[in-house]
Every structure is written in C-alpha cells, then in structure tokens.
Amino acid sequence: MATNTASTTTTGKGSLTLSLHPLVIMNIAEHHTRVRVQTNTLPFVYGALLGKIKGRHVELCNTFEFKLNNTPSSTTTTNSATIDTEFLTKKLELIKQVHPDLDFTGWYTVESQDWDVSIMSSFYAQLASFNESPLVLRLDPIGVSNELPIHVYETIVVLGTKLDFIEIPYTLITEEAERIGIDHVSRYSVTDGTSDTSIVSDQISIQYNAIRLLYQRMLVLLEYVRAVKQGQLERNDDLLREIGSLCQRLPIINTDDNNNRMFREDFDIQQSDVALLALLACCTQEISTLNDYLSKLSPSNLLRS
C-alpha cells in the first residue's frame, strides 16, 4: 500500500489495548547498545514485534532483528531502508512452528522524539502484507523522563492516502520467570556494593548449602554401611533400620530407567531456564558496563575533563 503523506499524532485515541512484556524492552535495548558499540555511532536499529492478538487487545511478547538490504544514514539526504522480506517470511515461519500463538504485530525502532516518519511510512508499505495495521514501538535513547522511554503507535490510513501514527497507552505485564530474571539482573548489576545479590541467588545458595550438607552426611552413612559389611564395625540393627527407612524416603533417580523419563525432561527444562537466566544476567551486566564506558567517552565528558 502506498501513502503520499505521513503524520504523527499523540492526541488521537487508538482503538487497541496493549500489554507489554519487559523482554521486549530488554531485547531492543540490547540490540541498540550492541550495534552502537560495534559502529561507534548512534545507529538506526529496526526489528519485528511478536505478540498475541486477541480481538482488539495485543500482547507484545518478543522481538527479533530485521535484515535490511540497506540501512538509512543520518549523513545522507535520502533516508530509506529496504527490509529483506524473504528473510522475514522464513523467520516468521520458523517462529510459528515453535510458538504457534505468536504473530507478527509490527516493528520497533530506536529514535529520538524527532524521528523520521518517512522511513516509518516506507516500512509500513513493506510490512502491510504481513499485518494490515502494524504497531510501531519507538524507544527514545536520549529522552529524560520519570516514565519508560517507550512509545507505541497504532498505524491508521486516513482516506486511503494519509498514514497517521496514533500513540496508544500500554501496561507492563510480567510472568514469573521474567520477574525472577529482572530481579536477578537489577540486583546483580548494582555497582555501589550495597546489594549485589538477588533474591533468587540467595535462595539458590541456601538450597545448595542444604544439599551439600545432606550429601556429606549421606557419605558418612555410606561409609558406616560399608564398614559393617566388611566386618570393621559391629552391626547395629536399629541404626541400619533407620538408614533403610531414610533411603526409602529419599527419591531414587536413575537416568537409565524409563520410569524416570518425566523427571529427566522436567530437570532438563529447569536446567535450561536457569542457564538462560544466568546468560541474560551476564548480557545485561555487560550492556550496563558498555553504557557506562560510552558515557565516559562522550564528547561532553571529554570536554569537561
């Protein structure tokens, strides 16, 4: 669909209700910071929004980066970007196989308040075949506010020629895994030394110490049973009965037993979740460190020094 003009408004009333997951914000921030460090410039970054559409309610859950055939530059007079739609189609098909409830809902950009709506109009023309009314999420990297620098716009075509971007409100929603990850990341990245561990880290440490103590005491009982079997210690039937009762209460886990396949599957899932949260915490800490480094090397700070 082609449009002749484009305008941005924040006074209109959108027809959608929107829920936003923190994972979307973290993915966009990571994308922008990574490209900025690699190019040492203020980059143009764009990507797709994935979410669940239920009537007039949209829930944004995840993102992935666009593959652009050419990237717009602030130094050129012709600001245009062409999306590789073949790559986008294949990517959406693969995601649909893994997450059938996620649909393409729009795209994101990282730009200031004076964003170039001509590029957004070009994107709309390229993405209208994937979604007739895609959303646009804009993250303002330099905005100063007490609220999140996130603005979401609904695209509406007026009279078939004019494309309007109407800002719509949103609410943040989190799942249990996201709350644990965010708490871990926020506390783990603190550098003032007052609180450098998260709640989940404290709980895992307590569980680890309890399991280690149980393991050490089980080794003592095992050595006693071996010593009795070899005739090194006198047999105590009461103590052996208590040890036998304790072994009956402990879960017996044999990975070669088909009856424990359900345990192994659940264990692998939890292990993958823990590893993913740990990787997310490391990535976020590195992003925070890079942001501090870039701030120190900014021209304003260099002039002050």
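Laboratory data are not the source of any read-out in this text; all were calculated from the coordinates shown. Keep in mind that what you see is a predicted model, and the values were worked out from it rather than measured. Every residue, glycine among them, receives a Cβ derived from its backbone with ideal geometry; neighbour counts consider all protein chains shown.
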Task: Extension reserve of the Gln207-Asp114 stretch, reckoned as 0.36 nm per residue once the Cα distance is removed - done: 28.4 nm
- [ ] Please order Leu233, Leu139 by the number of other Cβ within 10 Å, starting at the fewest.
- [x] Leu233, Leu139
TODO: Calculate one ³J(HN,Hα) per residue across the stretch 273-283 by plugging θ = phi - 60° into the Karplus curve 6.51 cos²θ - 1.76 cosθ + 1.60, and present them in order as whole Hz with x for glycine and proline.
DONE: 5, 5, 5, 5, 5, 5, 5, 5, 5, 5, 5
Task: Whichever lysines have a C-alpha closer than 28 Å to that of Lys162, once near sequence neighbours (fewer than 8 apart) are set aside - done: Lys13, Lys52, Lys54, Lys67
Task: Nonlocal amide H pairs with Gly47, under 5 Å, H built at 1.01 Å - done: Phe66, Tyr108
